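> Take this structure first; my questions come after.
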Amino acid sequence: MAVISRKGAAGAALLAAACLWGTGIAHAQITPPASPAKKCRPLTVDVLKGTVNGLGPATPLAKVKKKLPCFTGGTPEGDLFNYGGGSFYRDHNLYFYTYLRFIEVRAPFNGTTSIPVFDRPRAMVMDALRPLGREERPFWGTANDEFLTMDWGCLQLIFAGDRATHLRFYTRPCGSLYNPR
């Protein structure tokens, strides 16, 4: 049986801690557990009204956070990142970009949509939506984008192949949009 002096034991513990820190294990053990996230009530996207749980793209940041307190991240308005700021719900694939006044819903969305845009072919989605709006394309739109100007603003669908990957609601008509990318 080997005997380790007090000085040697301290050195061994320091070496073990350094090895664990390099692997990230020590950090995970030292970091206090995160407080439980606030629960969101079920999220419902109304494609025809351009809202999420009644909140539209012009809703102020404070109101979004108050009505949907389960946000997982955010950026102050006027910031250089995240399209100028907003409130983000990564576990739901929902993003309120309140500074530039648009909402982005990504597939797979953890909630319900009034019209199933994410699980239907492009032609079927557009056949359902075209009669409800006016097709209008900003100069920066690509072949993967569909734009419809609705009563409340612009509805943009971004497709990859035959399926929608993003749904965006803007406050302005589609023809007058700037490129948020």
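> Looking at segment 91-132, which of the residues that are charged (D, E, K, R) and surrounded by fewer than 16 Cβ atoms within 10 Å (Cβ to Cβ) is nearest to K63 (Cα to Cα)?
If we take residues in segment 91-132 being charged (D, E, K, R) and surrounded by fewer than 16 Cβ atoms within 10 Å (Cβ to Cβ), then D91 is nearest to K63 (Cα to Cα).
> Okay, moving on. Restricting the search to segment 143-172, which residues are farther than 20 Å from L94 by Cβ and open to solvent by 60 Å² or more (accessible area, probe 1.4 Å)?
The answer is A143, N144, D151, G161, D162, R172.
> If you scan segment 65-90, which residues turn out to be without any contact (Cβ under 8 Å) to a residue 24 or more places away in the chain, on the phi < 0 side of the Ramachandran plot and open to solvent by 50 Å² or more (accessible area, probe 1.4 Å)?
Correct list: K65, K66, K67, F71, P76, E77, D79, L80, F81, R90.
> State whether the residues of segment 43-59 include one that is in a loop (DSSP other than H, G, I, E, B), open to solvent by 50 Å² or more (accessible area, probe 1.4 Å), under 29 Å from I115 (Cβ atoms) and at pLDDT below 85.
Going through segment 43-59, the residues in a loop (DSSP other than H, G, I, E, B) turn out to be 43, 47-50, 53-54, 56-59.
Checking which are open to solvent by 50 Å² or more (accessible area, probe 1.4 Å) leaves us with 48-49, 54, 58.
Add one more test, that the residue is under 29 Å from I115 (Cβ atoms), and what stays is 48-49, 54, 58.
When the remaining residues are screened for being at pLDDT below 85, the result is none.
No; the residues of segment 43-59 include none that is in a loop (DSSP other than H, G, I, E, B), open to solvent by 50 Å² or more (accessible area, probe 1.4 Å), under 29 Å from I115 (Cβ atoms) and at pLDDT below 85.
> Right, something else. Restricting to segment 136-157, name every residue that is acidic (D, E), in contact (Cβ under 8 Å) with a residue 24 or more places away in the chain and outside any loop (DSSP other than H, G, I, E, B).
Selection gives E146 alone.
The values are calculated or read from the model by the stated rules, or taken from the named source; none is laboratory data. These numbers were taken from a predicted model, which means no experiment stands behind them. Positions of Cβ are backbone-derived with ideal geometry, glycine not excepted, and every protein chain shown enters the neighbour counts. With ligands, DNA and RNA removed, areas are computed over all heavy atoms of the protein, side chains included. Shrake-Rupley method; radii C 1.70, N 1.55, O 1.52, S 1.80 Å.
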